[in-house]
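This report refers to the structure that appears directly beneath it.
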Amino acid sequence: MLPSTEMATPGKPARNAGPTGAPVLLTSRDNRWLKEFRIALRGGLPTEGGFVGVEGVRLVEEALRSGCRIQGVLFSESGERHHQRLSSIIDRPEMAFPILRTTDRLFEGLADTEHPQGVAALVHPRETSFDDFARSPLSVGAPLLVVMAGVQDPGNVGAILRTAAAFGVTGAATAASGISGTANPFSPKALRASAGAALHLPILAGISLSILLAQLKVTGVRTLASSVREPRRGDQPLLAPWEVDWCQPVALLVGNEGTGLPEEVERSADARLRIPMASGIESLNAAASVAVVFYEAARQRNSSSIQTSVPSQPSKTSDTVRPPKET
């Protein structure tokens, strides 16, 4: 016999609703657990307790492995097939959060995706201070940071975080730029686009850009502005990614998808950066630009997370991908 739905609520989870007990069956749309999941997933907002929703077996697995606090995991009837994949984590004695179950119909009503996999979790993102953001583990060297200022599309925010994490970035921040805010990196769409990277990286979300830039300056982190403007007479020259020393503490500033960074922010940065491209191509997608830049950073830093292969014979086309010689 399944436990009553009143035996566990978001505020007072029942102990026998945890991994060692039978899953609680939630059969009412007005159940407080389902309301929490609906707010976090379909509403895209954090719950009153600050928990955000992750949906899909891969994202739930990433959340469970992230070390972030979990409030509960919810399976639909058909989603129970994913329980075995997650059991090695959720069945650990220290994972004392409720395991809940509901019908496929009710799960579809709270899910944010068109074809839900039937598994979701409420997770509390790690709390990050400026020191956490600006400090990097000794094993990876100097801090390598990304600051998104006015990146409005949550898909772009998530893709940038995923790309940045892949190339060894140690921290990220989101800030408004003029009237353009940056999308919440913990919204359902951004979390999906980041493939869970947002739950592993130290992220300063919603910080004042001017305060952040001042703090970076005080701590000796060099700021590089990704620029979409042609330099004027007297402006500092635009650097290519390979002209930057990425082994020093560096923060890359990424601006709005359409307008880039405010001109005053570019001018206040320590240097301005642009990726050389073929004639006729105006710009790259923000996430693609970040990938190009941070691949060069990872190459210089010899990141252990990048797997490279050395061909036994020199490539006939190798000269075409070398940086142009300085003139």
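The values are calculated or read from the model by the stated rules, or taken from the named source; none is laboratory data. Note that the structure is predicted; figures quoted are calculated from it, not measured. All Cβ positions, glycine included, derive from the backbone under ideal geometry; neighbour counts span all protein chains shown. Side chains are part of the model used for accessible areas, which takes the heavy atoms of the whole protein and leaves out ligands, DNA and RNA. Shrake-Rupley method; radii C 1.70, N 1.55, O 1.52, S 1.80 Å.
The table below gives the values:
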{"item": "Equivalent ellipsoid semi-axes - Cα gyration tensor, segment 196-292, angstrom", "result": "22, 17, 14"}
{"item": "Whole-angstrom gap from segment 148-204 to segment 94-122, using each part's C-alpha centre", "result": "24"}
{"item": "Segments 132-142, 258-268 sorted - mean Cβ within 10 Å per residue, highest first", "result": "258-268, 132-142"}
{"item": "Whole-number D in µm²/s for segment 154-203 (Stokes-Einstein; Kirkwood sum over Cα pairs; 25 °C, 0.890 mPa s)", "result": "231"}
{"item": "Space enclosed by the convex hull of the alpha-carbon atoms of segment 124-269, per residue, Å³", "result": "110"}
{"item": "Shape parameters for segment 47-126, alpha-carbon atoms, Rg then Dmax in Å", "result": "11.7, 34"}
{"item": "Qualifying GluC sites (Glu not before Pro) in segment 62-144, DSSP loop, other Cβ atoms within 10 Å at most 13", "result": "E94, E114, E127"}
{"item": "Two-site label geometry, S87 and E48: point separation in nm, points 7 Å out along Cα→Cβ", "result": "3.6"}
{"item": "Accessible area in square angstrom per residue, segment 167-293, 1.4 angstrom probe", "result": "45"}
{"item": "Label point distance in nm, R29-E264, each placed 7 Å from Cα along Cα→Cβ", "result": "4.9"}
{"item": "Compactness relative to 2.2 N^0.38 Å, alpha carbon Rg of segment 180-223", "result": "1.38"}
{"item": "Burial ranking of peptide ranges 248-257, 82-91 (average Cβ count within 10 Å, highest at the top)", "result": "248-257, 82-91"}
{"item": "Approximate spin-label separation T103-R126, in nm, with each point projected 7 Å along Cα-to-Cβ", "result": "4.1"}
{"item": "Pair-distance profile P(r), taking every C-alpha pair of segment 62-177, with 10 angstrom steps and integer %", "result": "11, 31, 31, 23, 4"}
{"item": "Ordering of 194-200, 38-44 by packing [mean C-beta count within 10 Å, highest first]", "result": "194-200, 38-44"}
